[in-house]
Structure formats: structure tokens, C-alpha cells
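The structure under discussion appears below in the form of C-alpha cells.
The values are calculated or read from the model by the stated rules, or taken from the named source; none is laboratory data. Note that the coordinates shown come from a computational prediction; the quantities given were computed from them, not determined experimentally. Glycine gets a Cβ as well: all are built from the backbone with ideal geometry, and neighbour counts include every protein chain shown. These area figures cover heavy atoms from the full protein model, side chains too; ligands, DNA and RNA do not enter into them. Shrake-Rupley method; radii C 1.70, N 1.55, O 1.52, S 1.80 Å.
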Amino acid sequence: MESTQNSTGQAAWTIAEYSKIVKVTRQTIHHLPEDCQPESVRIGRRRLIIEAPEHWLRRMHERGGAPSRSVVA
């Protein structure tokens, strides 16, 4: 398994921290299909993302991006 730590050595991020780093809203991260969401763990009531932002961005690039949510009027 590839290391989830980034160059700063950080191993986990809150959703708020992660969304600022990858420049998407927290809501976008929550609404991604399960296979497109960054790898995370739940500790108590908190969810921490353990997939390094650069790894997740690379994974999304390799798959052609995450699918858009269709909006039904």
C-alpha cells in the first residue's frame, strides 16, 4: 500500500482542511460517489481523511475526474 503521508509528514486531515487544500467545497467531497471519495476513517464522531491530497488528485486525474452530480429540476 502506498504511503498516505504527504511531503509535510501529515497523515490525516479534517474534511475542512482537505477541502481547502484541494480547492473543492466540503459539500462536494460529501456528495462524491463512494469510489471517488478520498480514503477516510471515522474516529468517534470525527471523520479524518487519510489519503494524501496529491494522491487523491492524481487518482481523479487518472480516471478522468469525478462524475458530476446530475441536477433534476
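Out of the residues in the range 30-45 that are part of a helix (DSSP H, G or I) and under 18 Å from HIS61 (Cβ atoms), which is most open to solvent (accessible area, probe 1.4 Å)? Ranking the candidates gives ASP35 first. Restricting attention to the range 46-73, the residues being at pLDDT below 95 and either among the acidic types (Asp, Glu) or part of a loop (DSSP other than H, G, I, E, B) (or both) number 12.
Within the range 22-29, is even one residue open to solvent by less than 70 Å² (accessible area, probe 1.4 Å), touching a strand residue (DSSP E or B) at 6+ places or on another chain (Cβ under 6 Å), modelled with pLDDT of 95 or more and part of a helix (DSSP H, G or I)? No, every residue in the range 22-29 fails to be open to solvent by less than 70 Å² (accessible area, probe 1.4 Å), touching a strand residue (DSSP E or B) at 6+ places or on another chain (Cβ under 6 Å), modelled with pLDDT of 95 or more and part of a helix (DSSP H, G or I). Whether any residue in the range 7-16 is touching a residue at least 40 places away in the same chain (Cβ under 8 Å), open to solvent by less than 90 Å² (accessible area, probe 1.4 Å) and aromatic (Phe, Trp, Tyr) is what I want to check. Among the residues of the range 7-16, at least one is touching a residue at least 40 places away in the same chain (Cβ under 8 Å), open to solvent by less than 90 Å² (accessible area, probe 1.4 Å) and aromatic (Phe, Trp, Tyr), which makes the answer yes. Residues of the range 1-21 that are at pLDDT 90 or above and hydrophobic (A, V, I, L, M, F, W, C): ALA11, ALA12, TRP13, ILE15, ALA16, ILE21.
Cβ separations smaller than 8 Å between residues 6+ apart or across chains give the following pairs from the range 56-70 residues that are surrounded by 10 or more Cβ atoms within 10 Å (Cβ to Cβ) to residues that are modelled with pLDDT under 90: MET60/ALA66.
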